[in-house]
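First up is the structure itself, then whatever we jot down about it.
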Amino acid sequence: PPGASFRAAIGAVTKVGEGKGCLLIVKNYTGDRLNFGMACEMANSEGRLCRMVIVKDDCALPRTKGITGARGVAGTVLVHKIAGAAADRGMDLDAVASIAQTAADSMGSLGVALDAVTIPGATTTNDRLDDNTIEIGLGIHGEAGIRQSALLSCDDLAKEIITTINAFGLIDEDKVVPTFKSGDELAVLVNNLGGTSNFEMSLLTNSIVSLLESEGCKVSRVYVGSMMTSFDMMGASLTILSLVGARAEDLKNLLDSDTTAISWPTVDVWDTSSSRPSAEEFPEIGGPADGSTASYEEIKVSIEDFPVVAKLMLTAAAKTLVDAEPELTKYDLICGDGDCGLTMKRGGREVLDRIESGKLDLSHPVPLFASLADAVSASMGGTSGVLLELCFRKMSAFFLSSTEIDAKTMASAFQAGVEAISFYGGASIGSRTMLDALFPATEALLASGSIVDAAEVAQKGADETGKMKSASAGRSNYIGAEVLQGTPDPGAVAVALVLKSLS
């Protein structure tokens, strides 16, 4: 912008011969320095107090490139925060300028991008970076970086950025010294250049903080967010602010001052005298072994020869599912994604294998249904697998609340398992799912205790699904009525076939 615009802005916030004045915080670009500088001197000549601080935190170019090498980039945001807090505390203009300059002289920044910026209104796009190339040391206006590189992991990228910033160094009494050394307290700003996801920003931040602390530094403040962006640029920059030296406490206090700036991130200040909680590995908590359950020895089973009966019934049910694969697949190819038959077949084979190998605990209903759930979990997959696993786990848990297990208790447990399918899956009777066979079966079983009755009403429920014009759950929900009608739900058919085999 022309100098007149700057002078107008200064004039809007200052008065001739009175007031606390105005501080200009300028990034190190030649045009900015000249135009802001001209506005600053003109304001002073009018009797308006004005000072200027120049930020040149960019570490991309070597110092041998001269005065134009170190551009002002994202670290400028921290300078604004510190200067604003100082002014809010009532410091005079020279004091604010002094602490702002201290902050600017105590930091280094470097950016990296995975893709170049798209300039609004431009007739061409910048395609200098392909999908496998990143650029290190680019500018906030989209200027090319110091070099390109193959894609790097977050850890390698953090190492590249940190090493470059530290090697560029800071000026201390006309000497270049490393930006940080082991034992130094630091604040870091990980800045989103515009198009990077929060997930990726978190990964990079973790790598940066972990590396700095592994080198003995104390990162007491971590700022992460979109602070200085370049439209949609996919990339991030890192600013390291050294919090050591004579004015370190002033810098920390001003950084921590409350602000009403809408996008300023909330930061937990880490007490560097203790280890960082997020850096500590939590010990892995071992889970129970597969098939393990709560104590059930005191729960009496009043079903004669339960292990023998259970083995016969489960073998019949599993073989039925294996043999029914073609029929279930035929139906599911019409009203689903075609895998119902194979899913049920895998579950049936797994149960048969576990019965034969003795891995299925047939001794008592509690471990039996828990191990059935394990078998389903290990073999079936898909929505139907999860739903059946939920049913069996609910049944196992239901038995634990019983003092005696008889045929009526088995029916009640079955009802609880079916209700669990409905609760967790969200479907109900009429949704055109296996529940259209399961719910009528539970009602019949509770009423008469007859598996034959349960199998009959389950078959009727499965047949009814073929007459339904729409589904409110499952993959059939996406299919039109003209396709669905005449084809029963394969899950409901599987339920009816299994109950028939049990009867």
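The values are calculated or read from the model by the stated rules, or taken from the named source; none is laboratory data. Fair warning: this is a prediction, and the values are worked out from it, not measured in the lab. Note that we place each Cβ from the backbone using ideal geometry, even for glycine, and neighbour counts take in every protein chain shown. For the accessible areas, the whole protein counts, side chains as well, though only heavy atoms, and no ligand, DNA or RNA atoms are used. Shrake-Rupley method; radii C 1.70, N 1.55, O 1.52, S 1.80 Å.
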Considering only the range 208-232, state which residues are of a type in the set (Ser, Thr, Tyr) and farther than 25 Å from Leu251 by Cβ.
Ser230
Which condition number in (1) surrounded by fewer than 16 Cβ atoms within 10 Å (Cβ to Cβ); (2) at pLDDT below 85 is the one that Gly291 fails?
(1)
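Do we find that Glu215 is open to solvent by 10 Å² or more (accessible area, probe 1.4 Å), free of Cβ contacts under 8 Å to residues at least 60 places away in the same chain and within 16 Å of Ile165 (Cα to Cα) in this structure? Walk me through how you get there before you give the answer.
On the way: open to solvent by 10 Å² or more (accessible area, probe 1.4 Å): yes; free of Cβ contacts under 8 Å to residues at least 60 places away in the same chain: yes; within 16 Å of Ile165 (Cα to Cα): yes.
The answer is yes for Glu215.
If we keep just the residues of the range 1-33 that are of a type in the set (A, V, I, L, M, F, W, C) and closer than 21 Å to Cys59 by Cβ, which is least open to solvent (accessible area, probe 1.4 Å)?
Step one: filter the range 1-33 for residues of a type in the set (A, V, I, L, M, F, W, C), giving 4, 6, 8-10, 12-13, 16, 22-26.
From what's left, closer than 21 Å to Cys59 by Cβ: 25-26.
On the way: Ile25: 31, Val26: 2 Å².
Among them, the one singled out is Val26.
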Can you find even one residue in the range 354-366 that is closer than 17 Å to Leu388 by Cβ, in a helix (DSSP H, G or I) and open to solvent by 30 Å² or more (accessible area, probe 1.4 Å)?
yes
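Please verify whether the range 313-329 includes one or more residues that are of a type outside the set (S, T, N, Q) and more than 22 Å from Gly381 (Cα to Cα). Lay out the reasoning, then the answer.
The initial filter retains those residues of the range 313-329 that are of a type outside the set (S, T, N, Q), namely 313-314, 316-319, 321-328.
Filter once more, so that each one left must be more than 22 Å from Gly381 (Cα to Cα): 313.
Looking for residues that are of a type outside the set (S, T, N, Q) and more than 22 Å from Gly381 (Cα to Cα), one finds at least one in the range 313-329, hence yes.
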In the range 70-103, residue nearest to the chain's Cα centre (by Cα) [restricted to those that are within 26 Å of Ile165 (Cβ to Cβ) and among the basic types (Lys, Arg)]:
Lys81
Look at Leu152 and say whether it is outside any helix (DSSP H, G or I), open to solvent by 30 Å² or more (accessible area, probe 1.4 Å) and in contact with a helix residue (DSSP H, G or I) (Cβ under 9 Å, 6 or more places away or on another chain).
yes
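Please go through the range 443-471 and pick out each residue that is modelled with pLDDT of 85 or more and either closer than 14 Å to Gly430 by Cα or touching an Asp or Glu at 6+ places or on another chain (Cβ under 8 Å) (or both). Step through it out loud before you land on a result.
Here is the first cut: in the range 443-471, the residues modelled with pLDDT of 85 or more are 443-465.
Correct list: Ala444, Leu445, Ala447, Val457, Ala458, Lys460, Gly461, Ala462, Asp463, Glu464, Thr465.
Which of the residues that make up the range 119-135 are open to solvent by 40 Å² or more (accessible area, probe 1.4 Å) and under 22 Å from Lys27 (Cα atoms)? Give the steps one after another, and end with the answer.
Applying the first criterion (open to solvent by 40 Å² or more (accessible area, probe 1.4 Å)) to the range 119-135 yields 119-128, 130-132.
Ile119, the sole residue that qualifies.
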Do any strands (runs of 3 or more DSSP E) lying entirely in the range 158-263 carry at least 3 residues that are touching a helix residue (DSSP H, G or I) at 6+ places or on another chain (Cβ under 7 Å), and which ones are they?
185-192, 218-225, 235-242
Which ones in the range 381-400 are small (Gly, Ala, Ser) and either at pLDDT 95 or above or closer than 19 Å to Leu362 by Cα (or both)?
Ser396, Ala397
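Quick one: which of Ser109, Ser210, Ser202, Ser182 is open to solvent by 70 Å² or more (accessible area, probe 1.4 Å), hydroxyl-bearing (Ser, Thr, Tyr) and within 29 Å of Arg247 (Cβ to Cβ)?
Values: Ser109 fails: open to solvent by 70 Å² or more (accessible area, probe 1.4 Å); Ser210 fails: open to solvent by 70 Å² or more (accessible area, probe 1.4 Å); Ser202 fails: within 29 Å of Arg247 (Cβ to Cβ).
One residue alone meets the criteria, Ser182.
Given the criteria open to solvent by less than 10 Å² (accessible area, probe 1.4 Å), closer than 18 Å to Asn192 by Cα and of a type outside the set (Asp, Glu), does Ile99 qualify? Full working, then the answer.
Values: open to solvent by less than 10 Å² (accessible area, probe 1.4 Å): yes; closer than 18 Å to Asn192 by Cα: no; of a type outside the set (Asp, Glu): yes.
The answer is no for Ile99.
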Mind checking which residues of the range 4-59 are in contact with a Phe, Trp or Tyr (Cβ under 8 Å, 6 or more places away or on another chain) and small (Gly, Ala, Ser)?
Ala39
Those residues that are among the polar types (S, T, N, Q) and free of Cβ contacts under 8 Å to residues at least 40 places away in the same chain, I need them from the range 90-114; list them, please.
Ser98
Contact list, first residue from the range 311-340 and surrounded by 15 or more Cβ atoms within 10 Å (Cβ to Cβ), second anywhere and not in a helix (DSSP H, G or I), beta-carbon distance below 6 Å, six or more apart or interchain, is Lys311/Leu362; Tyr331/Thr487; Asp332/Gly338; Ile334/Thr487; Cys335/Ile479; Cys335/Thr487
Taking the range 477-503 only, how many residues are closer than 22 Å to Gly425 by Cα, open to solvent by 50 Å² or more (accessible area, probe 1.4 Å) and modelled with pLDDT of 75 or more?
0
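I'd like the full set of residues that are hydroxyl-bearing (Ser, Thr, Tyr), touching a Ser or Thr at 6+ places or on another chain (Cβ under 8 Å) and open to solvent by 10 Å² or more (accessible area, probe 1.4 Å), limited to the range 407-432.
Filtering the range 407-432 for residues hydroxyl-bearing (Ser, Thr, Tyr) gives 409, 412, 422, 424, 428, 431.
Applying the additional criterion that residues be touching a Ser or Thr at 6+ places or on another chain (Cβ under 8 Å) yields 409, 422, 428, 431.
Thr409, Ser422, Ser428 - these are the residues of the range 407-432 that are hydroxyl-bearing (Ser, Thr, Tyr), touching a Ser or Thr at 6+ places or on another chain (Cβ under 8 Å) and open to solvent by 10 Å² or more (accessible area, probe 1.4 Å).
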Among the numbered criteria (1) at pLDDT 85 or above; (2) within 24 Å of Lys394 (Cβ to Cβ); (3) surrounded by 18 or more Cβ atoms within 10 Å (Cβ to Cβ), which single criterion is violated by Gly474?
(1)
Of the residues in the range 57-81, those that are surrounded by fewer than 24 Cβ atoms within 10 Å (Cβ to Cβ) and part of a helix (DSSP H, G or I) come to Arg63, Thr64, Lys65, Val77, His80, Lys81
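Within 24 Å of Ala411 (Cα to Cα), in a loop (DSSP other than H, G, I, E, B) and not basic (Lys, Arg), is that true of Leu372?
On the way: within 24 Å of Ala411 (Cα to Cα): yes; in a loop (DSSP other than H, G, I, E, B): no; not basic (Lys, Arg): yes.
The answer is no for Leu372.
Which count do you get for residues in the range 37-56 that are under 43 Å from the mean Cα position of the chain (by Cα) and assigned to a loop (DSSP other than H, G, I, E, B)? Explain how you work it out, then say what you get.
So the first thing to find is which residues in the range 37-56 are under 43 Å from the mean Cα position of the chain (by Cα), and the list is 52-56.
Next, only the ones that are assigned to a loop (DSSP other than H, G, I, E, B) stay: 56.
So the count comes out to 1.
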Taking into account only those residues within the range 299-310 that are in contact (Cβ under 8 Å) with a residue 40 or more places away in the chain, of a type outside the set (S, T, N, Q) and part of a loop (DSSP other than H, G, I, E, B), which is surrounded by the fewest Cβ atoms within 10 Å (Cβ to Cβ)?
Ile303
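Would you check which residues across the range 278-288 are open to solvent by less than 90 Å² (accessible area, probe 1.4 Å) and free of Cβ contacts under 8 Å to residues at least 24 places away in the same chain and list them? Don't jump to the end; show me each part of the working.
Restricting attention to the range 278-288, the residues satisfying the condition of being open to solvent by less than 90 Å² (accessible area, probe 1.4 Å) are 279, 286-287.
Hits for the range 278-288 are Gly286, Gly287.
Consider Ser263 carefully, then state whether it is open to solvent by 30 Å² or more (accessible area, probe 1.4 Å) and not basic (Lys, Arg). Show your work before the answer.
Numbers: open to solvent by 30 Å² or more (accessible area, probe 1.4 Å): yes; not basic (Lys, Arg): yes.
It is true that Ser263 is open to solvent by 30 Å² or more (accessible area, probe 1.4 Å) and not basic (Lys, Arg).
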